[in-house]
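The values are calculated or read from the model by the stated rules, or taken from the named source; none is laboratory data. Model, not experiment: these values are computed from the prediction. As a convention, Cβ positions derive from the backbone with ideal geometry for all residues, glycine included, and neighbour counts pool all protein chains shown. Each accessible area value is taken on the protein alone, full model and side chains, heavy atoms only, with ligands, DNA and RNA left out. Shrake-Rupley method; radii C 1.70, N 1.55, O 1.52, S 1.80 Å.
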Amino acid sequence: MGPVSVWQWSPWGLLLCLLCSSCLGSPSPSPSMGPEKRAGSQGLRFRLAGFPRKPFEGRVEIQRAGEWGTICDDDFTLQAAHVLCRELGFTEATGWTHSAKYGPGTGRIWLDNLSCSGTEQSVTECASRGWGNSDCTHDEDAGVICKDQRLPGFSDSNVIEVEHHLQVEEVRLRPAVGWGRRPLPVTEGLVEVRLPDGWSKVCDQSWSAHNSHVVCGMLGFPSEKRVNAAFYRKLRKRAAKASARRPKPLVRPITKHKVKPKPQVGRGPIKRLLAQRQQHSFGLHGVACVGTEAHLSLCTLEFYRANDTTRCPGGAPAVVSCVPGPLYAASSGQKKQQQSKPQGEARVRLKGGAHPGEGRVEVLKAGTWGTVCDRKWDLQAASVVCRELGFGSAREALSGARMGQGMGAIHLSEVRCSGQESSLWKCPHKNITAEDCSHGQDAGVRCNLPYTGVETKIRLSGGRSRHEGRVEVQIGGPGPLRWGLICGDDWGTLEAMVACRQLGLGYANHGLQETWYWDSGNITEVVMSGVRCTGTEMSLDQCAHHGTHIACKRTETRFTAGVICSETASDLLLHSALVQETAYIEDRPLHMLYCAAEENCLARSARSANWPYGHRRLLRFSSQIHNLGRADFRPKAGRHSWVWHECHGHYHSMDIFTHYDILTPNGTKVAEGHKASFCLEDTECQEDVSKRYECANFGEQGITVGCWDLYRHDIDCQWIDITDVKPGNYILQVVINPNFEVAESDFTNNAMKCNCKYDGHRIWVHNCHIGDAFGEEANKRFERYPGQTSNQII
């Protein structure tokens, strides 16, 4: 509540207020005053609690009738978070949490099934089950993340009450040997925790493998390994001897030539350990973790007091050694060791995340990928997923399809993990039906990742915002490190995706080969050329390139590479079951195919056919393409460059939108077709999504998130011309956005394959599934028929 000025009150009002102290909290504010305490919030106080957290986030607690309590996360929404953040003195909410992310509270659960529109002046105006009426436990306590901006003039009892005890805010490993020279990520070293007063070490007395497991998880590593204790004992003994040895007076020998002293191996680490012990830099002397905690602050901790003169007597700094996941193996030896281990088929994956280690959780069951319902989804279950995928513990357990809605089956619900399981499938769970949960409740995760420092070797310049600009990379060599540009030759969407990922800016909207409109400043040297990426690399130096030999056709700075990055992107997915259900053969007369021939939708042999007599044999099927991403799919070209086709009477916004191919089992193409974007529009949408794109009257083209574009089997060019294909067993392959012309969050699900058997008169299409159309392993695993290798192909 803002300060109340006495002269704003009438004498009678002042006298009444003195007689009734409760009115002090609710005077009639003047227009010039700041935000006041809401009338509906009289008698209530609000605070943020729990840890680890920042000052503007935490578990929401309400004091009513002198008793503090929490809010259940059932039906909790961002709109409710907006109202609560305003009660706490912040302008708005940027997010909310569930499943007691900031730890379970105590006392009453004051509100359950809280439903707000977001415009309420007080939480008491929101609908709920009533004060104190709840069927929840404190494992379901809700939290909010407010925007770090206070309401002007806000001064009230509803302040953030900081818990007056020490908290571990951050953890790091400091190598005892080679600090600053070892490759990143750092996998072994002395454990240091950041306390309010700075970085401190942890005494190793009673240190356990469970503690190491939690520390490694926080640092982005899935597991820990045994430390070479003999090595550190040797260092400590040398440090003890060095401290006991009295320093001798330094006498310089009188010689005509300088004598180069012999290097003393290991003295550097000894001196550092000795200095660390002398500085009494221990902050923690007791850590007791179960091993399932997602953060060290959730363990039982014992801190040294400021007046403790003796710290860690007889002990030493705790040392931890972590095992990196496959993406972050620090050395070739670790990579070879991991590759040598037999790896089964992945049964868990992440989709839709803008950064590594985050996304919608999908699981494989009976050969079909499906999602996980967010009911009872918590940090323990999320951490099991993260570690299973080679990351650390979970930073967040996401609900409400925060990473986009999936498609198809929902395989799991009410997953309850202890945190010790090696796979999500080993956690108790409930198999559900479509009526139990919807894709609006798809669960997601954000995992802890190791620090690799790759973002320090790349930057953008000249752009209007930090998300766009000319790409500059830092390279080393015989001389000092220097910044330079990348040749724009062959630079495309896949390379831009890697650059944006390395920058930590999410996805690539565009990969640009000309950047003349962005000022390059004083950086004019091209230091990298021939960059070719697959799109999955973590940094540009992992992509193929020319190395130190620069070969660039156009060396001017205007032809160097640039990117426009975005935190969201579209993600197209073909409805494979519909292809299988609608496939059939039609013998279509040539006189009905003039428009199709104009758009090159027939095989080459059609050019020499006896027009208009005869026919072409066509494999027809419907194509339903969904956008499961977090941004609309829009053509790269603007309307001014769309091509009008008089024959079909519409504009093409993309020359090639899909590729249709008939392949032999060994991948040889025997028939092909292509589909221009006749008209990208929202044919149908989910219940809560409105159509935005329609082709009629030269309208905007695209596919909205949550909508799909349907190309029916009976329209032109929705086929493959198989007139020249001999009977046999084949593979039908459909690839969407084959030239990566439009950026997507995931290109691996743009291809569909089906088994296809053709006897010369009829065709059987089955086993259609989404997969990598270009992977050799996928082809090897694909179902084969007897006699496939003897197909006669022309």
*Of all the strands (runs of 3 or more DSSP E) wholly in the range 410-503, which have at least 3 residues that are under 24 Å from the mean Cα position of the chain (by Cα)?*
410-412, 444-447, 458-461, 468-475
*Could you pull out the residue among C595, C601 that is of a type outside the set (K, R), modelled with pLDDT under 90, closer than 27 Å to I625 by Cβ and outside any helix (DSSP H, G or I)?*
C601
*asked:* Considering only residues that are more than 21 Å from the chain's Cα centre (by Cα) and surrounded by 22 or more Cβ atoms within 10 Å (Cβ to Cβ), which ones fall in the range 737-750?
replied: N737
*asked:* Exactly one of these conditions fails for F633: (1) within 16 Å of S570 (Cα to Cα); (2) of a type outside the set (S, T, Y); (3) open to solvent by 40 Å² or more (accessible area, probe 1.4 Å). Give me its number.
replied: (3)
*Among residues belonging to the range 721-736 that are in contact with a helix residue (DSSP H, G or I) (Cβ under 8 Å, 6 or more places away or on another chain) and of a type in the set (S, T, N, Q), point out the one that is surrounded by the fewest Cβ atoms within 10 Å (Cβ to Cβ).*
T723
_Would you confirm whether or not the range 650-658 contains a residue that is in contact (Cβ under 8 Å) with a residue 24 or more places away in the chain, open to solvent by 20 Å² or more (accessible area, probe 1.4 Å) and more than 18 Å from W719 (Cα to Cα)?_
yes
*Which number in (1) under 35 Å from the mean Cα position of the chain (by Cα); (2) at pLDDT below 90; (3) open to solvent by 20 Å² or more (accessible area, probe 1.4 Å) marks the one condition that Q701 misses?*
(3)
_Search result, residues across the range 604-646 that are part of a strand (DSSP E or B), of a type in the set (A, V, I, L, M, F, W, C) and closer than 27 Å to N755 by Cβ_ = L618, L619, I625
*Please specify each residue of the range 154-179 satisfying the condition of being open to solvent by 20 Å² or more (accessible area, probe 1.4 Å) and at pLDDT 70 or above.*
E169, E170, R172, R174, V177
*Going through the range 546-585 one residue at a time, which ones are closer than 20 Å to S461 by Cβ, open to solvent by 30 Å² or more (accessible area, probe 1.4 Å) and in contact with a strand residue (DSSP E or B) (Cβ under 7 Å, 6 or more places away or on another chain)?*
I550, T555, T557, I564
*Pick out the one residue from G521, G506, G530, G484 that is surrounded by 14 or more Cβ atoms within 10 Å (Cβ to Cβ) and touching a residue at least 60 places away in the same chain (Cβ under 8 Å).*
G506
*Within the group K757, K753, which residue is among the basic types (K, R), in a strand (DSSP E or B), touching a strand residue (DSSP E or B) at 6+ places or on another chain (Cβ under 7 Å) and open to solvent by 20 Å² or more (accessible area, probe 1.4 Å)?*
K757
_Residue match in the range 421-436 (condition: buried (at least 20 other Cβ atoms within 10 Å of the Cβ), modelled with pLDDT under 90 and touching a Leu at 6+ places or on another chain (Cβ under 7 Å))_ = yes
*Could you run through the range 105-120 and say how many residues are open to solvent by 50 Å² or more (accessible area, probe 1.4 Å) and more than 10 Å from H82 (Cα to Cα)?*
4
*Please state which of the following conditions R402 fails to meet, knowing it meets all the rest: (1) touching a residue at least 60 places away in the same chain (Cβ under 8 Å); (2) assigned to a loop (DSSP other than H, G, I, E, B); (3) under 17 Å from the mean Cα position of the chain (by Cα).*
(1)
